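**Student:** I have a structure I would like to understand better, so I am pasting it below and will then ask my questions one at a time.
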Amino acid sequence: MTTPEPQSPEPEPRDRIHRSAGGIAGGVLLLAVGGWLGIDAVISGEGRTPWLALATLILVVPLIVAFTLRPAVYVDADRLRIRNPFRVIVLPWGQVASLRSGYSNEVVARSGTKYQLWALPVSLRARKRAARQEARAAADGSRGVSDGRGPGRGRGLGFGGLGRPTQDGSVQDGPVRAETDRIMDELRELQQAREGAETAQGEVTVRWAYEVAGPAVAGAVLLVILLAVG
């Protein structure tokens with residue numbers, strides 16, 4: 001008689017990572033253009049120009065990375081980790097009081113401190129587009145009812161109050177929402193579900209990103225010295 005082999009423990013779920021695709025694209029473009037102009041000035045410039053170009057690159061590149069490529073929001077069952085341009089904030093779900101969406105998305109700790117979610121920028125254009133899609137969905141649903149085909153069977157298949165189509169062709173229940181608003185809704189649901197969990201307790205921690213601020217400050221100091229020397 002053979003003994004069953006012990007089952008290996010299930011791997012822990014990985015963090016969900018939210019980042020701004022527009023921010024990343026803009027950052028790559030700015031780095032490409034700035035790097036091309038800066039390196040060309042360093043190589044081909046005369047007099048103080050190469051040094052000024054080098055100091056400008058040391059100052060500007062970390063700032064571009066900080067505000068475009070760096071921001072991210074990491075989500076797991078126990079905590080929310082926010083990587084902003086110059087800080088990394090870790091909030092256990094038990095320390096999250098609310099998640100707010102206005103002209104910016106932010107999380108409010110139970111202490112009252114607010115932290116902006118740089119990786120989830122609010123797009124008023126996306127909100128207006130979602131509102132137009134929702135209005136069309138309601139209109140299609142009404143037409144479906146009026147012509148006797150029932151809700152959701154008009155031209156807007158999958159709408160009419162029964163849901164909305166997703167990118168993979170499936171139907172998702174609920175109103176049409178902008179992408180970042182939908183993510184914020186998911187974060188609120190997770191916070192409400194996990195705020196009382198034992199593993200989701202702890203203190204809020206904030207760490208400054210000296211690896212970003214240091215080079216930027218060094219570049220600024222070098223640029224000031226070069227300009228002052230004349």
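The values are calculated or read from the model by the stated rules, or taken from the named source; none is laboratory data. In this text, all values refer to a predicted model and were calculated from it rather than measured experimentally. Heads up, the Cβs are rebuilt from the backbone with ideal geometry, glycines too, and the neighbour counts pull from every protein chain shown. The accessibility values were calculated without ligands, DNA or RNA, using every heavy atom of the protein model including side chains. Shrake-Rupley method; radii C 1.70, N 1.55, O 1.52, S 1.80 Å.
**Student:** Taking a virtual spin label 7 Å from the Cα of SER111 along the C-beta vector, which residues in region 190-230 bring their backbone nitrogen under 14 Å of it?
**Tutor:** Those under the cut-off are 202-208.
**Student:** Sticking with this one: Alpha carbon centre of region 14-49 versus region 177-204: separation in Å?
**Tutor:** First find each Cα centre; the distance between them is then 34 Å.
**Student:** Kindly write out, for region 106-114 in residue order, the coupling ³J(HN,Hα) from the Karplus curve 6.51 cos²θ - 1.76 cosθ + 1.60 (θ = phi - 60°), rounded to whole Hz, with x marking Gly and Pro.
**Tutor:** So the Karplus estimates, Gly and Pro as x, are 8, 10, 10, 7, 5, 6, x, 6, 9 Hz.
**Student:** Something else now. Return the carbon/sulfur percentage of the accessible area of region 12-60, one whole number, probe 1.4 Å, all protein chains in place.
**Tutor:** Numbers: 2370 of 3460 Å².
In region 12-60, the share of accessible area belonging to carbon and sulfur is 69 percent.
**Student:** Go ahead and run the numbers for FRET between ILE43 and ILE225, Cβ-Cβ distance against an R0 of 30 Å, rounding to 0.05. The partial results should precede the final answer.
**Tutor:** Details: r = 22 Å, r/R0 = 0.74.
The computed FRET efficiency comes out at 0.85.
**Student:** Turning to a different aspect of this structure: Roughly speaking, to the nearest percent, how much of region 174-230's 1.4 Å accessible area is carbon and sulfur? Before the final figure, lay out the partial values.
**Tutor:** Details: 2180 of 3550 Å².
In region 174-230, the share of accessible area belonging to carbon and sulfur is 61 percent.
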